[in-house]
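The values are calculated or read from the model by the stated rules, or taken from the named source; none is laboratory data. Note that the structure is predicted; figures quoted are calculated from it, not measured. Ideal geometry is used to build each Cβ from the backbone, glycine not excepted, and the neighbour counts take in all protein chains shown. The accessibility values were calculated without ligands, DNA or RNA, using every heavy atom of the protein model including side chains. Shrake-Rupley method; radii C 1.70, N 1.55, O 1.52, S 1.80 Å.
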Amino acid sequence: MATAAFTASLGHPSEIYALLKYKLTTSDAVTKYTTLESITAKKDSPEYSYQMCYYFLNKTSRSFARVIQELHPELCHPVCIFYLTLRGLDTIEDDMTLDNKVKLPLLRGFDKIMYKKGWTFKESGPNEKDRILLVDYDVVITEFLKLKPKYQVVIANIAKRMGNGMADFCEGKKVKTVADYDLYCHYVAGLVGIGLTGLFSESGLESASLTESEYLQNRMGLFLQKVNIIKDYLEDWKDGRSFWPEEIWGKYVWENAGLGSLSKPENINDALACLNELCVNVLKLAPDCLEYMAKLKEPSVLHFCAIPQVMAIASIALFFNNNVVFTKGGLKIRRGLAVKLIYEATTFDGVKEVFKKYALDIARQNSLRVGKNPKDESFMPISEACSDIVRWINKHDVVAGTNKKKERERQEFIAMIVMALVGAITSFCMIQFFKWVKTWEA
Ligand code: D9A
């Protein structure tokens, strides 16, 4: 694994450096309980459910699990339990072996299940990746019930809205229009952004103003989910699932040839034109995500929110006009690049730099391929979306710069006052001293 990452980044020294730094500096102390053997607590002891929750967290997503465990201590456990609750819902929604008679009541009643001590579910399909989480789901409920009620309310409320939304789409609602597309992404990802923001502000680490409108919080989720949906086109199609909105792909396939026809080599121009239009649709969300992250105050929360966002914008630059989405699928940015982005996402200035770099990169790719594909009308929309990102950052830099300048001037002004004061006091003391010496001599 590691060697593959190094070889892939051989031509990128900054990525090699990031990989080395990551390997040498990040200790395993952060991610405890990564193996069943590391669970020391006895099954009936209060620590057992706590340790099992982190075992499941590390099992379901290694890299992201670390970022959750680096969150401020007040937020780490509520976010861990929220993450596992979402994984539980996801595992039921994704399970194509479950009949709707079983699936729908589970999804619509998942917020109630969170309060059912000892509840577990053993009927997941054998190939469901996180079925073991549901088999031992009682440990998640035990830890959920230990959380402060203010966090329980946020998590249960999101479980209710997401469970019902997922059930609507499992009952047959299709992703036909772009509005359906936004609604589906709202249910499975927008509500995650809304839930996390609720936890952030309930913790007192972020201002309540963050939760005023759900608009920006929702866009944080839509941005990540739409990038995943573009990436997973082929894999989803093979599993008999499709989340691309027909209102868009319908323009690029022959009468009832179906979304699958885009993966046929002879339709590559239509496929790329469709892909690029979906890239426009997701790039338009970027300024709102930057707006959301600009409001964050707690560094560990900014880092937690920024990492998936910078991975997403880097992924769009990789997917844009890339036929591998239709031929092989499973496109991923290099591990070395991912680690480098983790370091660049520690400050908001770093996040802006990354978004600016990829917006310019996509605009450059766009200009190099202009007019090559007769089916593709996304040239202008792409350049507009990229310039909107760069314009937001420049405006924010100016504002930030002005604020920084104002801040600097304020500090300079205070420093000047202090110096003047010190000067006055010193000269006063000097004068007193000389007067005293004079009296002494007299
Ligand atoms: C997130 Cl609690 C997710 N999803 C992600 C991961 O980031 C978001 C699932 C549960 C939680 C959080 C996320 C992170 C920070 C702030 C957020 C946010 O909002 C303010 O969600 C909107 O992808 C899943 C959804 C997109 C459905 C929400 C990042 C993550 N990355 C994976 C890589 C991958 O490709 O899945 O899980 C990983 O690093 O393993």
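Tell me the residue from VAL139, VAL102, VAL79, VAL153 that is within 16 Å of the ligand (Cβ to nearest atom) and assigned to a helix (DSSP H, G or I), please.
VAL79
When you look at TYR83, is it open to solvent by 30 Å² or more (accessible area, probe 1.4 Å), free of Cβ contacts under 8 Å to residues at least 60 places away in the same chain, of a type in the set (Phe, Trp, Tyr) and closer than 30 Å to GLY109 by Cβ, yes or no?
When the stated conditions are applied, TYR83 passes them.
Does THR142 meet the test of being surrounded by fewer than 16 Cβ atoms within 10 Å (Cβ to Cβ) and over 25 Å from CYS305 (Cα atoms)?
no
So is LEU89 more than 10 Å from the ligand (Cβ to nearest atom), closer than 21 Å to TYR184 by Cα and at pLDDT 95 or above or not?
yes
If you go through segment 239-257 one residue at a time, how many are among the small types (Gly, Ala, Ser) and within 17 Å of PHE169 (Cα to Cα)?
2
Can you work out which of the residues in segment 7-26 that are of a type in the set (Gly, Ala, Ser) and in a helix (DSSP H, G or I) is nearest to ALA345 (Cα to Cα)?
The qualifying residue nearest to ALA345 (Cα to Cα) is ALA18.
Among the residues of segment 39-50 satisfying the criterion of being surrounded by 14 or more Cβ atoms within 10 Å (Cβ to Cβ) and farther than 29 Å from LEU224 by Cα, which is nearest to the ligand (Cβ to nearest atom)?
Ranking the candidates gives SER49 first.
For GLY204, work out the one condition from (1) over 17 Å from the mean Cα position of the chain (by Cα); (2) at negative phi it doesn't fulfil.
GLY204 satisfies all of (1) over 17 Å from the mean Cα position of the chain (by Cα); (2) at negative phi except (2).
State whether one or more residues within segment 338-352 are aromatic (Phe, Trp, Tyr), out of contact with any strand residue (DSSP E or B) (no Cβ under 9 Å at 6 or more places or on another chain) and more than 16 Å from the ligand (Cβ to nearest atom).
Taking every residue of segment 338-352 in turn, none turns out to be aromatic (Phe, Trp, Tyr), out of contact with any strand residue (DSSP E or B) (no Cβ under 9 Å at 6 or more places or on another chain) and more than 16 Å from the ligand (Cβ to nearest atom).
How many residues are within 15 Å of the ligand (Cβ to nearest atom) and either open to solvent by less than 40 Å² (accessible area, probe 1.4 Å) or more than 23 Å from the chain's Cα centre (by Cα) (or both) if we restrict to segment 157-186?
11
Say we look at segment 202-255 and pick out the residues that are open to solvent by 10 Å² or more (accessible area, probe 1.4 Å), modelled with pLDDT of 95 or more and small (Gly, Ala, Ser); which of these is farthest from the ligand (Cβ to nearest atom)?
Looking at residues that are open to solvent by 10 Å² or more (accessible area, probe 1.4 Å), modelled with pLDDT of 95 or more and small (Gly, Ala, Ser), I get GLY250.
How many residues are open to solvent by 20 Å² or more (accessible area, probe 1.4 Å) and either more than 10 Å from the ligand (Cβ to nearest atom) or not hydroxyl-bearing (Ser, Thr, Tyr) (or both) when one looks only at segment 56-75?
Within segment 56-75, residues that are open to solvent by 20 Å² or more (accessible area, probe 1.4 Å) and either more than 10 Å from the ligand (Cβ to nearest atom) or not hydroxyl-bearing (Ser, Thr, Tyr) (or both) number 9.
Just a yes or no: is a residue in segment 262-271 touching a Ser or Thr at 6+ places or on another chain (Cβ under 7 Å) and farther than 21 Å from ALA385 by Cβ?
Within segment 262-271 (the criterion being touching a Ser or Thr at 6+ places or on another chain (Cβ under 7 Å) and farther than 21 Å from ALA385 by Cβ), the answer is yes, since at least one residue qualifies.
Let me confirm something: among LYS129, LYS103, LYS112, LYS148, which residue is of a type in the set (D, E, K, R) and in contact with a helix residue (DSSP H, G or I) (Cβ under 7 Å, 6 or more places away or on another chain)?
LYS103
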